[in-house]
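Single-structure report; data block below.
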Amino acid sequence: MSNTNKPPGEIVAFPPPTLSSKDKRRAEAKYGKPVMAHGYTLVPNLLLQCQAHLKISPTAFNVVLQLMSHWWDANEAPRPTIKRIAQRMGKSPRSLFRYFDELEGAGLVQREARFKGVKQQTASAYVMTGLVNKLKEIEPEMTKAKKFKNKRVEKAETAA
């Protein structure tokens, strides 16, 4: 996404994920050095805790996580190929379109077609602004609920 086509509103600048030497040791202690050598994805706990608020299927949620694994720069939309995501999920590329339609319908992801030249389409970009805005909308409710612990947190994590 070029600077001239950025959606209006705040761009959230996430620093590139880096682990301190202490955290790296912890992750390696949990999963092993060979596993961690393949990289990792920064996923906000709020996204996992409030999955029901997104009102999407678990498979569409998995697509969100796959997109996040390609989202390295806050100012650049992830652009993995449909084929790559489908292979990782054990789905057909055709079936993925249904989940992208679901994510767009929920206002979480916006597909942007990209082209190499005249009529030469390449992998789409997936703008995640809707997802970020939804998390920002949910956050105050979760913060308020955590002050009262268990029952209110359970209620806040569950979609209305």
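The values are calculated or read from the model by the stated rules, or taken from the named source; none is laboratory data. Quantities reported herein were computed from a predicted structural model and do not represent experimental measurements. Cβ sites come from the backbone with ideal geometry, for glycine too, and all protein chains shown count toward neighbours.
Looking only at helices (runs of 4 or more DSSP H) that fall completely inside region 55-152, which ones have 1 or more residues that are over 24 Å from GLY39 (Cα atoms)?
93-105, 129-146
Working only within region 69-93, note down all residues that are over 17 Å from LEU108 (Cα atoms) and either loosely packed, with under 13 Cβ neighbours inside 10 Å or out of contact with any Leu (no Cβ under 9 Å at 6 or more places or on another chain) (or both).
Restricting attention to region 69-93, the residues satisfying the condition of being over 17 Å from LEU108 (Cα atoms) are 72-73, 81-93.
Passing the criteria: TRP72, ASP73, THR81, LYS83, ARG84, GLN87, ARG88, GLY90, LYS91, SER92, PRO93.
Can you name the condition, by its number, that GLY39 falls short on among (1) part of a helix (DSSP H, G or I); (2) at pLDDT 55 or above? So GLY39 meets the others, but not (1).
Only residues that are closer than 22 Å to CYS50 by Cα and either touching a Pro at 6+ places or on another chain (Cβ under 8 Å) or not hydrophobic (A, V, I, L, M, F, W, C) (or both): list them for region 66-108, please. Those that are closer than 22 Å to CYS50 by Cα and either touching a Pro at 6+ places or on another chain (Cβ under 8 Å) or not hydrophobic (A, V, I, L, M, F, W, C) (or both): GLN66, LEU67, MET68, SER69, HIS70, TRP71, TYR99, ASP101, GLU102, GLU104, GLY105, GLY107.
Listed conditions (1) surrounded by fewer than 16 Cβ atoms within 10 Å (Cβ to Cβ); (2) at pLDDT 95 or above are all met by GLU102, apart from (1). Residues in region 63-84 that are out of contact with any His (no Cβ under 7 Å at 6 or more places or on another chain) and under 12 Å from PHE100 (Cβ atoms): VAL63, VAL64, GLN66, LEU67, ILE82.
Residues in region 42-54 that are assigned to a helix (DSSP H, G or I), within 11 Å of the chain's Cα centre (by Cα) and surrounded by 13 or more Cβ atoms within 10 Å (Cβ to Cβ): LEU47 alone.
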